[in-house]
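The structure under discussion appears below in the form of structure tokens.
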Amino acid sequence: MNRRTEAHIWTNRFYGRRNLYLDPQFLVPHRNLRTFIRLLHQQKARRVLDVGSGTGRHVLALTQAGFDVYGIDIVPRVVRVTRERLKEHHLSAHLRVGNIYHRLPYPNQFFDGVISTKVIHHARVTHIQRCIRNIARILCPSGLLTHSLQHFSTSRVLPVLEEHFVDACFISMLDSYHKILRRAVGHQELLLPAVAVALLSPEKQVLLVRKSEENIWGFPGGYMELGETIADTAVREVREETNLDITVTRLIGVCSGPTIRKQYKNGDIVSPLIIFVEGKTESHAHPSPDLHEVQEARFFPKSSPPSLVDCCKIKWDILQGTRESLA
């Protein structure tokens, strides 16, 4: 199969005919990119490669962070979009069209860091092995590799990564902070800081989301990541769950204790320390949940909330002023 045919397949599979490559999910950097940038600065890294760079969400962020950035993607259209985005910010990077499963066109031990998010697993195992061997070749011995995988492909890719990168570089799954902890402690109970957001409409209705996994209504929010402020977590979680951009306006209260202790279906136990904040968005903005993590997002009057489990009811009562703000 020639490169033009492969590029056509990738374009149709992931971008289609609806300009999906301009969808926010392909434009916003991964939530843990700042951790990778911090590690790169600590290592005094200079050259960084984005493998499967797409529309340049990480090329742009890494260039803004001061690195000499390279990007490679098989789809010419998205490489052009990346160049245009860089030009808008008066920045430049080394971009090229190429197939990441063929020999990567860079010298040995050329890069101090390599990033690849949700890309390398889209191939046969033999092609994945070839890609990882290439990354190992072009990454310097003290370099950093960070990547994320779809859950279904982890068992296919991790053994290959471990074979080629034992003691060779730092490997990060770009996992959330609590997942990194889980690998260390198993199902043991963890105390984790989290943020929940009461997003009010101009009519003073409250936005709630119905999570896919639990099928219950609750406030948008989630666990904090390393390097985030409370406002950072609030903005990120609301954007991920509802595709709304918000501004945090005030602290409402803090929730903790046995009432909100949670055991997940896989056996993980968490005692969250929930920081409850209020946010606002544009008056005519409408939520559009991702339908993966969140099935539905809807505004409810303060006087008639849906049925809520205990931990969400506590936050609702704090918002209503019928419970102490330190619960």
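Derivation of every value follows stated rules applied to the coordinates shown; laboratory data play no part. Source: prediction; values computed, not measured. For neighbour counting, all protein chains shown are included, and Cβ atoms are generated from backbone atoms with ideal geometry for every residue, glycine included.
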Open item on the list: I want the local charge near Glu189. Using Cβ-Cβ distances under 13 Å, sum +1 for each Lys or Arg and -1 for each Asp or Glu among the other residues.
Closed with: +2
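Report the FRET efficiency, 1/(1 + (r/R0)^6), for Gln320 and Lys280, where r is their Cβ-Cβ distance and R0 is 25 Å, rounded to 0.05.
Values: r = 18 Å, r/R0 = 0.73.
So, using R0 = 25 Å, E works out to roughly 0.85.
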Open item on the list: Exceeding 23 Å between C-alpha atoms, which entries from my cross-link table qualify? They are Lys211/Lys302; Lys179/Lys315; Lys179/Lys211.
Closed with: Lys179/Lys315
- [ ] Along Cα→Cβ, 7 Å out, is where each label goes; now give me the distance between the ones at Tyr264 and Asn215 in nm to one decimal.
- [x] 2.0 nm
- [ ] Give, as a single signed number, the net charge of other residues whose beta carbon lies under 10 Å from the beta carbon of Asp268, with Lys and Arg counted +1 and Asp and Glu -1.
- [x] +3
- [ ] Please list, in chain and number order, the residues 5+ apart from Ser212 or on another chain whose amide H is under 5 Å from its amide H, with Hs placed from the backbone.
- [x] Val294, Gln295
